[in-house]
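Only the coordinates and a few stated rules stand behind these numbers; no lab work does. None of the values given here were measured: they were computed from a predicted structure. Note that each Cβ is placed from the backbone with ideal geometry, even for glycine, and that neighbours are counted across all protein chains shown.
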Amino acid sequence: MRQTIIAGNWKMNASKEAVNTLLLGVLKGMMDVKSEVIVCVPYPYLCQAEALTTHSQLKIGAQNLNINISGAFTGEVSADMIKDFGVEYVIVGHSERRSLYGETNKIVARKVQVALDNGLTPLLCIGELLEEKESGNTKNAVARQINAVIERVGIESFKGVIIAYEPVWAIGTGITATPQQAQDTHAYIRELLAQNDENIAQSTSILYGGSMNPDNVDELIACKDIDGGLIGGASLKPDDFLRICKAG
Ligand code: PEP
């Protein structure tokens with residue numbers, strides 16, 4: 001039985017004050033939340049977020065990492081540094097990083113490897129572009145993304161990976177995949193894993209992301225192969241985020 005996981009992705013939104021308000025707002029309502037809950041905050045707030053959530057059920061994640069561990073990489077942050085804050089999770093391969101910062105499937109696969117090698121759990125984001133969906137290429141796109149990572153780290157390593165299926169056309173658009181569309185792709189992703197190892201396919205958590213909100217979370221999470229959500233916009237509203245967390 002896979003535990004429901006709800007992860008928030010604040011993207012580049014926060015301030016010292018907002019971190020307090022948002023995290024304390026969520027922490028206040030966590031007592032009846034059964035899901036595992038992770039909030040991925042911008043780097044400068046990792047320390048503050050970790051301090052506020054120590055010994056709580058709320059876990060903190062970063063949103064990216066560099067493929068190197070140290071050295072002359074101005075402006076970059078390594079897995080080691082993220083780990084230094086006691087952080088356990090990191091988003092890898094978010095569609096905004098793929099489209100705005102040129103992260104290819106190969107780079108994303110290397111980032112997954114670096115995260116795993118350094119004791120972080122990667123939240124590996126995959127998902128098709130609108131053109132790929134419209135041309136009937138959703139399965140090809142997600143297969144390329146997943147297979148690049150399997151080739152790099154091996155299927156066994158997926159014991160330490162959380163997958164987030166995020167159709168790019170649904171991210172931040174208010175358009176959500178229908179439960180059937182999402183379930184079909186989640187089942188296909190699980191099948192891709194099963195082609196390599198059936199047990200790992202059954203134990204890997206596959207979250208849905210893309211305009212998930214309090215109104216659509218129940219029917220998405222009710223789908224057999226949807227194990228939770230990666231939430232952008234709604235994670236910036238503590239009441240909405242808590243409602244989503246309670247759906248699990
Ligand atoms: C995301 O950025 O990962 C995301 C799913 O955003 P939103 O929920 O706003 O669509």
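What the table shows:
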item: Hey, N68 closer than 24 Å to V161 by Cα and within 16 Å of the ligand (Cβ to nearest atom) or not; result: no
item: Residue match in the range 114-134 (condition: hydroxyl-bearing (S, T, Y) and more than 28 Å from L52 (Cα to Cα)); result: no
item: Of all residues making up the range 71-96, the number that are within 14 Å of the ligand (Cβ to nearest atom), in contact with a strand residue (DSSP E or B) (Cβ under 8 Å, 6 or more places away or on another chain) and outside any loop (DSSP other than H, G, I, E, B); result: 5
item: Members of the range 157-169 that are in contact with a strand residue (DSSP E or B) (Cβ under 8 Å, 6 or more places away or on another chain) and small (G, A, S); result: G160, A164
item: Yes/no for G119 being under 30 Å from M1 (Cβ atoms), within 16 Å of the ligand (Cβ to nearest atom) and of a type outside the set (A, V, I, L, M); result: no
item: Search result, residues across the range 70-97 that are in contact (Cβ under 8 Å) with a residue 12 or more places away in the chain, farther than 17 Å from L46 by Cβ and not polar (S, T, N, Q); result: G93, E96, R97
item: Filter result for L124 (in a strand (DSSP E or B) and within 23 Å of I5 (Cβ to Cβ)); result: yes
